[in-house]
Amino acid sequence: MAQSQRRLASEGNSDAGHGKHPLNELDANRLAKRLVMFEPSPALIESLMEKARLAIPGLAATEEVLKVSRHNPLCMLAVARRSQFDPSCPAAEGFIATLPLNALGLQMLALGAFDATKPDLRLITPPHERPAGLYMWCMFTPGALAASAALYMARVASEQYAGISLYSRPNTDAGRRFNLALGFTPGTRIGEIDAPNVWIFSRERQRPLYDSYIPGRGKDSVGITVAHSFEDLMRVAAIRNAVYIGEQECPYDEEYDGNDLSATHLLAYIGDEPVGCLRLRFFADFAKFERMAIRKEFRKSRAAIQLARAGFKLCQKKGYTRVYGHIQERLVPFWSRFGFQVKPDTKTFTFSDYEYVEIIAHIERDPDAITLDADPYVLIRPEGRWHTPGILEKSAVRAASRHPERKKA
């Protein structure tokens, strides 16, 4: 992807900045309320291309851009500051150009045979056709215009583009940093074709945060899963041994307090490395967060934040509206960002040589929370995987072959 987004691209190294401004979390009403996005005229496209060439190497010829724009006007969207925008005589300061590729176009991109300097119109969908993928052709959004990415995402939130992933081929270090900041992942697989030089921002139906770990997805991706196996519990134990027994010198019998087999455990991964865990216990009208632990070498990552968010999402899915916990006072600022408040009239109390306070958060119940009205197959699916058919549900393809013996009259 050609680019000129100096503000975001300059933030940190590629690993530290990954997903700092994920496209699916950009709020256009908050970030881009001072910007407008519109379809430019041919004359305005020519003017924008002249400006962009001063900052971006290797751009397609202006006549190629005009040709694509005539084929599908939505391929080129101009951006301007609202304060300087006159609808009767629109002027633009930047643009976002994308190519809605059909299945063959996406395949050519994966093979490295797609020429972005001279796009073949046979590979680009017309305005009212649903594409197979959206190729980020060029972004010329310097300075404050970088927030126009939020406007673009609002544009592609329509039914025609819902679930269509974004693809990119950054050609500079700044472009790669910018891609990482927006949540793109380097390397993907398109059909049966491995495309290591193509970056992807997946917009497929989102898995719930508490089941977001996908093995082999990438060494920098953060994923969360419910612990389902004995091996998962061993991973949980290894993390807690390192943090609580190793660092905080907690006695073994106090760390493993008899509640682990009556609880749900969440595991956080970075890549395929288990880095954190959270224990959840469920009571009549509240859920309880316990034993949050992040390995020391991963505490500057987003694992703790994602783990906490996943815990809330799981509690909401189970129908809870209150979450309770015990924390050391030094951690109140961290947990307050998720809505936790120190419980009124609480007093500090001590266990395992540390002082704690009570905290409580009020949350909204998930509109699709699991209830008695749920499909019975949903209720027998593995914990945290209510969104996908489970092994018992799949067994229903076999007709019932075993019946209890009937007593003779």
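The values are calculated or read from the model by the stated rules, or taken from the named source; none is laboratory data. Bear in mind the structure is a predicted one, so any value in this text is a computation, not a measurement. Here Cβ is always computed from backbone atoms with ideal geometry, including for glycine, and neighbour counts include all displayed protein chains. With ligands, DNA and RNA removed, areas are computed over all heavy atoms of the protein, side chains included. Shrake-Rupley method; radii C 1.70, N 1.55, O 1.52, S 1.80 Å.
The one condition from (1) more than 20 Å from F283 (Cα to Cα); (2) of a type in the set (A, V, I, L, M, F, W, C); (3) outside any helix (DSSP H, G or I) that V357 does not meet is (1). I'm told A78 meets every condition in (1) under 26 Å from the mean Cα position of the chain (by Cα); (2) crowded, with 21+ Cβ neighbours inside 10 Å except one. Can you identify the failing condition by its number? That leaves (1) as the condition not met.
Among residues of the stretch 45-58 being outside any helix (DSSP H, G or I) and touching a Phe, Trp or Tyr at 6+ places or on another chain (Cβ under 8 Å), the one that is surrounded by the fewest Cβ atoms within 10 Å (Cβ to Cβ) is A55. The set of residues in the stretch 157-175 being open to solvent by less than 40 Å² (accessible area, probe 1.4 Å), outside any loop (DSSP other than H, G, I, E, B) and not hydrophobic (A, V, I, L, M, F, W, C) consists of Y167, S168, G175.
For the structure I just gave you, tell me whether V378 is surrounded by 13 or more Cβ atoms within 10 Å (Cβ to Cβ), in contact (Cβ under 8 Å) with a residue 24 or more places away in the chain and outside any loop (DSSP other than H, G, I, E, B). Taking the combined requirement at face value, the residue does not satisfy it.
Scanning the stretch 343-359 for residues that are open to solvent by less than 100 Å² (accessible area, probe 1.4 Å) and in contact (Cβ under 8 Å) with a residue 40 or more places away in the chain returns F351, S352, Y354. Looking at S212, S202, S168, just one residue is farther than 30 Å from T264 by Cα and among the hydroxyl-bearing types (S, T, Y), and that residue is S168.
Could you go through the stretch 37-44 and let me know if any residue there is at pLDDT 95 or above, part of a helix (DSSP H, G or I) and either open to solvent by 90 Å² or more (accessible area, probe 1.4 Å) or under 22 Å from D120 (Cα atoms) (or both). Yes, there is a match, as at least one residue in the stretch 37-44 is at pLDDT 95 or above, part of a helix (DSSP H, G or I) and either open to solvent by 90 Å² or more (accessible area, probe 1.4 Å) or under 22 Å from D120 (Cα atoms) (or both). Does S83 satisfy the criteria of being open to solvent by 30 Å² or more (accessible area, probe 1.4 Å), over 28 Å from P196 (Cβ atoms) and within 28 Å of the chain's Cα centre (by Cα)? In short, no. Scanning the stretch 223-250 for residues that are within 16 Å of G384 (Cβ to Cβ) and either part of a helix (DSSP H, G or I) or open to solvent by less than 60 Å² (accessible area, probe 1.4 Å) (or both) turns up G223, I224, T225, V226, A227, S229, D232, L233, R235, V236.
Return the residues of the stretch 94-108 that are under 15 Å from V68 (Cβ atoms) and either open to solvent by 20 Å² or more (accessible area, probe 1.4 Å) or not hydroxyl-bearing (S, T, Y) (or both); say none if nothing qualifies. If the condition is that a residue be under 15 Å from V68 (Cβ atoms) and either open to solvent by 20 Å² or more (accessible area, probe 1.4 Å) or not hydroxyl-bearing (S, T, Y) (or both), then F95, I96, A97, L99, P100, L101, N102, G105 are the ones that fit. Among the residues that make up the stretch 302-309, is at least one of them basic (K, R), without any contact (Cβ under 8 Å) to a residue 60 or more places away in the chain and in contact with a strand residue (DSSP E or B) (Cβ under 6 Å, 6 or more places away or on another chain)? No - not one qualifying residue is present in the stretch 302-309. For residues that are at negative phi, open to solvent by 10 Å² or more (accessible area, probe 1.4 Å) and either assigned to a helix (DSSP H, G or I) or in contact with a strand residue (DSSP E or B) (Cβ under 8 Å, 6 or more places away or on another chain) (or both), tally how many sit in the stretch 270-296. Of the residues in that region, 13 qualify. Restricting attention to the stretch 381-401, the residues that are more than 15 Å from D211 (Cα to Cα), at pLDDT 85 or above and open to solvent by less than 80 Å² (accessible area, probe 1.4 Å) total 2.
So, in the stretch 182-222, of the ones that are hydrophobic (A, V, I, L, M, F, W, C), out of contact with any helix residue (DSSP H, G or I) (no Cβ under 7 Å at 6 or more places or on another chain) and part of a loop (DSSP other than H, G, I, E, B), which residue ends up most open to solvent (accessible area, probe 1.4 Å)? Only one residue fits best here, namely I214. Taken together, the residues in the stretch 96-133 that are within 28 Å of the chain's Cα centre (by Cα), under 25 Å from E159 (Cβ atoms) and not in a loop (DSSP other than H, G, I, E, B) amount to 14.
From the list A113, A61, which residue is under 21 Å from F140 (Cβ atoms) and either modelled with pLDDT of 90 or more or open to solvent by 60 Å² or more (accessible area, probe 1.4 Å) (or both)? When all the criteria are applied, what remains is A61.
Among the criteria (1) modelled with pLDDT of 95 or more; (2) over 15 Å from the mean Cα position of the chain (by Cα), the one Y210 does not fulfil is (2).
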